[in-house]
Amino acid sequence: MSRQERSLRDAPVDKSMITEETPWYRKINLGENKYRNTLGSVAIIIGTGSLAMVWMYTLKSVRYLILHKENIGH
């Protein structure tokens, strides 16, 4: 399988099949660059945000344990 086959494919929307009742997700072509780039950017932002939150929580927990340990002996 080539790299291009695994990416979002360009799937043009048939304009004749669209009515007022058609849901928004049926009206868009996820293969268009604007949607593909937006989805990629959102995924990177969410992933980076999650990583940062987990990292900060871990640092806070380790510092709390170290401070607690020092207070026990005194």
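The values are calculated or read from the model by the stated rules, or taken from the named source; none is laboratory data. Quick caveat: nothing in here was measured; it's all calculated off a predicted structure. Cβ atoms come from the backbone with ideal geometry, glycine included; neighbour counts cover every protein chain shown. When the accessible area is computed, the model is the full protein with side chains, heavy atoms only, and any ligands, DNA or RNA have been set aside. Shrake-Rupley method; radii C 1.70, N 1.55, O 1.52, S 1.80 Å.
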task: Mind giving me the nanometre distance, one decimal, between the label points for N37 and I18, set 7 Å out from Cα along Cα→Cβ?
output: 2.0
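Using a 1.4 angstrom probe with every protein chain in place, what is the largest-first accessible-area order of V54, V13?
Values: V54 95, V13 40 Å².
Correct descending sequence by accessible area is V54, V13.
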query: Using a 1.4 angstrom probe and counting only protein chains, how large is the accessible area of R36 in Å², to 10?
result: 80
- prompt: Considering amide H positions built from the backbone, and no H for Pro or chain starts, which residues 5 or more places from L30, or on another chain, come under 5 Å of its amide H?
  reply: A11
query: Probe 1.4 Å, all protein chains in place: accessible area of L51 in Å², nearest 10?
result: 120
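Sorted by accessible area (1.4 Å probe), largest first, how do S50, S61 line up? List each step's numbers first, then the result.
Working: S50 55, S61 35 Å².
Largest accessible area first, the list is S50, S61.
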